[in-house]
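Everything on this sheet refers to the single structure shown next.
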Amino acid sequence: MSDQHSGTADGTDTSAATASGTEASDTDTASADAATAGAASQPLLRVEDLQKSYGDETVLRGISFDLDKRDVEVIIGPSGSGKSTMLRCVNRLTEFQGGAIYLDGESVMAMNDNDLRRRVGMVFQDINLFAHLTALQNVTLGLRKVRGMGKEAAREKAMDQLDRVGLASQADSYPAELSGGQKQRVGIARALAMDPELLLFDEPTSALDPELVGEVLEVMRDLAEGGMTMLVVTHEMGFARRAASSLMFLDEGRIVERGPPEQLFDDPEHDRTAEFLQRLTTISEEV
Amino acid sequence: MSGERSTARTTLARAGEGLPTGRSVGLAIGALFWAWLVVRWVTIWAGYSEPFFPVAFFEGLATGFENDALVMQQNTGALAPVLDFVAGFWFLFSDVASFVAFAVEYLPTLAEGAWLTVVLTVAGIAFGLVIAVPLSVARVYGGVVTRSLALVYIELIRGTPLLAQLFVIYYGLNMSQYFRGVSSGLLPTTAVWVAIVGFTINSAAYQAEYIRSALESVESGQLTAARAIGLSRIDGIRHVVLPQGLRYAIPGWTNELVYLIKYSSLAAFITVVELFESGRDIAGQTFQYLNIYALLALFYLALVLSATLFMGWVEDRVAIPGLGVRDGRE
């Protein structure tokens with residue numbers, strides 16, 4: 001509680017930090033653009049000055065960042081900092097009021113919702129497997145009804161995805177018959193089956209028993225190594241250190257600091273980042 | 001004291017163990033009832049309406065018991081108190097036999113009426129369901145306009161008496177005129193068609209409410225997840241929310257089915273000779289009110305219990321591990 005207060009106490013410092021952070025990323029992309037000399041190479045995901053509020057409550061106050069293909073961005077931040085909301089803006093599960101989001105150069109606002117979501121997969125904290133369908137049917141539903149695949153082809157592809165997350169043997173189990181970790185792996189297979197260009201993970205392990213977290217993180221690490229572009233909200237610092245290409249600390253709807261994980265862990269620019277990471281590690285050690 | 005109680009409890013528990021047998025007895029009775037009913041319908045359509053069992057036999061039995069009892073009562077010897085006591089039972093047997101004779105005689109007529117009761121109920125509930133599903137979806141997921149329209153329909157229908165609704169469409173709107181073309185030969189009379197329309201309109205509103213509450217108990221994350229893989233809202237509702245919601249709705253929906261079996265008797269008031277009306281006709285001819293209404297009650301009970309058993313079977317049949325009430329009760 002007191003940490004929270006000290007966090008807000010140096011509010012001026014924060015806004016300055018955000019400004020400089022934004023500038024930094026802007027210059028980064030500028031130089032990247034210059035390097036490729038106007039070639040078609042652009043970030044897979046570009047978020048520009050994203051603003052979002054629920055009624056009077058402002059949740060996102062101008063978020064800007066780029067994410068290249070094959071990058072894994074881990075987002076951390078206290079609850080209520082806007083992490084999940086930001087993810088939901090990317091695939092437009094929630095509408096935003098200001099700024100823009102581009103997927104491969106195309107504004108998501110100009111895209112059809114369903115097309116966008118076909119290209120951007122999502123894995124949820126509360127998993128949300130379709131409760132009336134088996135693991136296999138959870139994966140085939142999108143293939144059949146969204147991509148219009150035939151029954152056999154969908155089945156085959158779905159089995160491949162289940163195999164990828166190590167659950168081919170559980171294909172005919174219903175969600176209630178699976179452990180939390182297995183459910184979340186099916187959730188990942190369901191998202192993968194649509195061949196997304198970008199995968200969003202919204203605290204995928206937060207609802208799981210501690211002993212089940214590992215199997216899910218393992219699948220996610222495999223994906224990261226396989227070159228999947230991922231935007232991951234998680235507080236699993238081990239995963240962030242090993243798999244993330246970049247780490248982003250979000251607080252009160254702003255990016256406080258963003259950089260390679262080693263930098264944020266070992267030499268953060270801002271006290272609040274250090275403080276928050278310190279707390280996270282202490283908690284996970286206590287657990 | 002506590003010993004006694006625990007004995008009582010064991011006895012009760014033993015009785016509980018016997019329940020599956022009770023269930024199979026119930027199923028056997030149900031099977032017999034329906035076998036008889038179906039055969040009865042077929043023979044009636046084939047032009048044979050005579051009872052399957054001899055009425056005279058049961059009437060003879062009734063007279064025999066009664067005569068014997070009267071003779072016993074006239075005995076004044078030493079055995080008089082005993083005979084008097086036995087005579088009481090003989091009178092009872094006589095009454096039962098004459099009820100059976102009555103039942104055997106009029107069951108063919110009731111079976112004919114029961115056919116229409118079944119037709120009205122099945123058609124009303126089925127057509128009602130077809131309307132109720134979109135109605136409940138509109139109520140839960142619709143925009144302001146569709147939601148309001150659904151709400152007005154549901155509340156208007158639920159807020160007015162079914163009998164009044166039947167009168168409005170039968171007498172007020174004279175809906176029979178639209179069904180002249182489909183009421184010849186073996187097809188039901190125009191009044192039956194009007195009753196089906198009435199029950200459909202009415203039942204849709206009630207069913208929509210049962211389904212609405214079931215839909216609301218489907219977690220909102222389910223639709224979000226469906227949207228997240230690129231399903232449109234309506235497809236998400238169709239492939240994810242409804243399959244779950246309709247399963248949740250089965251117990252409540254069964255309730256509506258049971259109501260409708262009995263409410264279908266209101267069709268009698270727009271000249272449909274269904275089960276209740278055929279019973280009333282018999283009462284008018286025989287003045288045996290107690291017998292006929294007892295028989296009617298048994299008939300309705302058999303129909304209702306059949307419906308309940310059937311829906312229980314359906315519920316088991318479509319049950320999915322971890323979904324719905326059945327699993328939670330274990």
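The values are calculated or read from the model by the stated rules, or taken from the named source; none is laboratory data. Keep in mind that what you see is a predicted model, and the values were worked out from it rather than measured. Neighbour counts are summed over all protein chains in view; Cβ atoms, including those assigned to glycine, are modelled from backbone coordinates with ideal geometry.
General remarks:
- Conditions (1) in contact (Cβ under 8 Å) with a residue 24 or more places away in the chain; (2) over 28 Å from residue A:54 (Cβ atoms); number of the one not met by residue A:272: (2)
- Filter pass, residue B:177 being in contact with a helix residue (DSSP H, G or I) (Cβ under 7 Å, 6 or more places away or on another chain), in a helix (DSSP H, G or I) and either at pLDDT 95 or above or exposed (fewer than 14 other Cβ atoms within 10 Å of the Cβ) (or both): no
- Scanning the range B:192-215 for any residue that is on the phi < 0 side of the Ramachandran plot and not in a helix (DSSP H, G or I) turns up nothing.
- Residue A:131 being crowded, with 19+ Cβ neighbours inside 10 Å, of a type in the set (A, V, I, L, M) and facing chain B (nearest Cβ under 8 Å): yes
- Residues satisfying the stated conditions in the range A:91-115, i.e. within 16 Å of residue A:197 (Cβ to Cβ), within 11 Å of chain B (Cβ to nearest Cβ) and under 16 Å from the mean Cα position of the chain (by Cα): A:91, A:92
- Among the residues examined, residue B:91 does not qualify as free of Cβ contacts under 8 Å to residues at least 24 places away in the same chain, out of contact with any Leu (no Cβ under 7 Å at 6 or more places or on another chain) and not β-branched (Val, Ile, Thr).
- Only one of the numbered conditions (1) in a helix (DSSP H, G or I); (2) more than 14 Å from every other protein chain (Cβ to nearest Cβ) is violated by residue A:235, and that is (1).
- Considering the range B:50-77, and only residues there that are surrounded by 13 or more Cβ atoms within 10 Å (Cβ to Cβ) and small (Gly, Ala, Ser), the residue that is farthest from the chain's Cα centre (by Cα) turns out to be B:69.
- Elements of type helices (runs of 4 or more DSSP H) contained in the range A:70-181, each with 1 or more residues being closer than 24 Å to residue B:220 by Cβ: A:83-90, A:113-119, A:135-145
- Some residue of the range B:112-125 being buried (at least 20 other Cβ atoms within 10 Å of the Cβ), closer than 30 Å to residue B:39 by Cβ and free of Cβ contacts under 8 Å to residues at least 60 places away in the same chain: no
- Scanning the range A:156-178 for residues that are more than 22 Å from residue B:244 (Cα to Cα) and more than 13 Å from chain B (Cβ to nearest Cβ) turns up A:156, A:157, A:159, A:160, A:162, A:163, A:164, A:165, A:166, A:167, A:168, A:169.
- Filtering the range A:59-102 to residues that are among the small types (Gly, Ala, Ser) and over 16 Å from residue A:121 (Cα atoms) leaves A:62, A:64, A:77, A:79, A:80, A:81, A:82, A:98, A:99, A:100.
- Total residues in the range A:145-164, condition surrounded by 13 or more Cβ atoms within 10 Å (Cβ to Cβ), small (Gly, Ala, Ser) and farther than 14 Å from residue A:191 by Cβ: 2
- Checked against the criteria, residue A:203 does not count as surrounded by fewer than 23 Cβ atoms within 10 Å (Cβ to Cβ) and away from chain B (no Cβ under 14 Å).
- Residues that are part of a helix (DSSP H, G or I), more than 13 Å from the chain's Cα centre (by Cα) and either at pLDDT 90 or above or buried (at least 19 other Cβ atoms within 10 Å of the Cβ) (or both) do occur in the range A:250-261.
- From the list B:171, B:210, B:248, B:206, the lone residue that is over 22 Å from residue B:307 (Cα atoms) and either surrounded by 16 or more Cβ atoms within 10 Å (Cβ to Cβ) or away from chain A (no Cβ under 14 Å) (or both) is B:171.
- Matching residues in the range B:284-320 - criterion: being surrounded by 14 or more Cβ atoms within 10 Å (Cβ to Cβ) and closer than 16 Å to residue B:112 by Cβ: B:292, B:295, B:296, B:299, B:300, B:302, B:303
- Scanning the range A:117-126 for residues that are more than 8 Å from every other protein chain (Cβ to nearest Cβ) and touching a helix residue (DSSP H, G or I) at 6+ places or on another chain (Cβ under 7 Å) yields A:120, A:123.
- Subset of the range A:77-90 that is within 14 Å of another protein chain (Cβ to nearest Cβ) and of a type in the set (S, T, N, Q) - its residue that is surrounded by the fewest Cβ atoms within 10 Å (Cβ to Cβ): A:84
- Once the range B:213-244 is narrowed to residues that are among the small types (Gly, Ala, Ser) and under 23 Å from residue A:125 (Cβ atoms), the residue that is farthest from the other protein chains (Cβ to nearest Cβ) is B:217.
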